[in-house]
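Input: a single structure, listed below in structure tokens.
Since every read-out is calculated from the coordinates, none of them should be taken as a lab result. It should be emphasised that the depicted structure is a prediction, and the values quoted were computed from it without experimental measurement. Using ideal geometry, Cβ is built from the backbone for each residue, glycine included, and neighbour counts are taken over all protein chains shown.
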Amino acid sequence: MTDIPEADRRGDAPHPRMTDRLFGQETAEAAFLDAWNTGRLHHGWLLTGARGIGKATLAWRIARFLLTDPPARADTLDPVPDHPALPRIRALSDPGVMLLRRPWDDKTKKLKTQITVDEVRRLGGFFAMSSGGRRVVIVDSADALNPSAANAILKLLEEPPAQATLLLISHQPARLLPTIRSRCRVLRLSPLPLPALEQAVEQAGGHAAAASALAEGSVGAALELADGGAETYEALIDLFAKPALDKARARAMADACTGKAGAARLDATLNAIERLLHRTARAGLLGPPADAPEAETRTLTRLAPHDAAARAWAKLAQDVGDRAAHARAVNVDPSAIVWDALAQIDGLARRI
């Protein structure tokens, strides 16, 4: 079973539970410590922010803190050194912690596209076996909960077991049930400043030079860009550099995402599309980034020349993300997912 991929781990980078240091998120850590020190520890926490900025790393820091007999007043989330629970937490064998993530499908030999209600139902046995002690549940990510699983989590938030802390990681909290959001305290994490980003990239096994401005403060984005994502984004910028879409090139980009070999390409392509849409929307309001390459500046200027365009691109970013997520959940052909997104971008570009 050791060769089964972990849905909440990026490539060869260390899993967040193995990452001891968190860079650039002192404000979020201080907010949690304040709740602990004042005796106002909420049972449900929603950790929000862009992908790759440390939400999962913070969740595991909190779990280690809570499960290693912390003092009543603490100055740091660092756990008690050499506590016997630490190796068990890293091995996912400690009785006080449960991780919910997209499970492996033995039939398809792939990770499922959603967290199913069967995964959430495992919490019944977890709480029964660990009664009497502090328990921590990490959901990575809550965005992947299917409707039944989301309702099961909501019920748990409404009637939490004693000494239970639920840590829900969300990249796009607006897509969660409003009732889930209302029953959680929000910890908002910010994009990392460049020095912290460089440190975090090195800790994840990359080179500090990968911490480019295009990563926008995200370790995950920096690693992805260094691993071919930058070339994918450049190809996307070039594809929309001219008013007339080169349909043959667009079709080739979509077809490259099919099959087992295309699974990683699909993720990189959809991430590049998301990056293009968000940067285009911001460019309509603020102009292209000052450090953007000349080719990107020209494309962003053409696509978003005014405020109205910015609003249209922001809405399209939401629509494309929702459509892609739904399509992946029902196993639509990957090339069709990418082609649909490219066609929507082309359609809006023609109307601007």
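What to note about this one:
- Set against the 2.2 N^0.38 Å expectation for a compact globular protein, the range 262-352 has a Cα radius of gyration ratio of 1.10.
- Share of pairwise Cα separations in the range 246-315, more than 14 Å, in percent: 64 percent
- Springs between Cα atoms under 10 Å define the GNM used for the chain, and in it the highest mean-square fluctuation of G132, G287, G205 occurs at G132.
- Sites matching trypsin sites (Lys or Arg not before Pro) across the range 63-108 that sit in DSSP coil, with at most 11 neighbouring C-beta atoms within 10 Å: R73, K107
- Taking N as the residue count of the range 72-193, its C-alpha radius of gyration divided by 2.2 N^0.38 Å amounts to 1.15.
- Fraction of alpha-carbon pairs over 28 Å apart in the range 194-351 - percent: 20 percent
- For V136, net neighbour charge (Lys/Arg +1, Asp/Glu -1) across residues whose Cβ lies under 10 Å away: +2
- Estimated FRET transfer efficiency (T301, K247; beta-carbon r; R0 25 Å; 0.05): 0.60
- Each residue of the range 54-64 was assigned a 3J(HN,Hα) from its phi angle through the Karplus expression (A = 6.51, B = -1.76, C = 1.60, θ = phi - 60°), giving x, 5, 5, 4, 5, 4, 6, 4, 5, 4, 4 Hz with x at Gly and Pro.
- Among E26, E224, E296, the residue with the largest mean-square fluctuation in a Gaussian network model of the chain, with springs joining Cα atoms closer than 10 Å, is E26.
- Between 0 and 90°, nearest 10: helix 263-286 axis offset from the chain longest Cα axis: 70 degrees
- Positive minus negative residues near L285 (Lys, Arg vs Asp, Glu; Cβ under 10 Å): +1
- Normalised Debye scattering of the range 169-221 at q = 0.17, 0.28, 0.29 Å⁻¹ gives log10 I(q)/I(0) of -0.61, -1.00, -1.05, counting only Cα atoms as equal scatterers and leaving out solvent.
- Euclidean distance of C-alpha centroids, the range 271-319 and the range 92-162, integer Å: 37 Å
- Computed from the C-alpha gyration tensor, the three semi-axes of the ellipsoid equivalent to the range 46-100 are 20, 15, 9 Å, from longest to shortest.
- Relative to the longest principal axis of the Cα atoms of the chain, helix 26-37 runs at roughly 30 degrees.
- The ellipsoid that matches the Cα gyration tensor of the chain has semi-axes, each √(5λ) in whole angstrom, of 37, 22, 19, with the longest given first.
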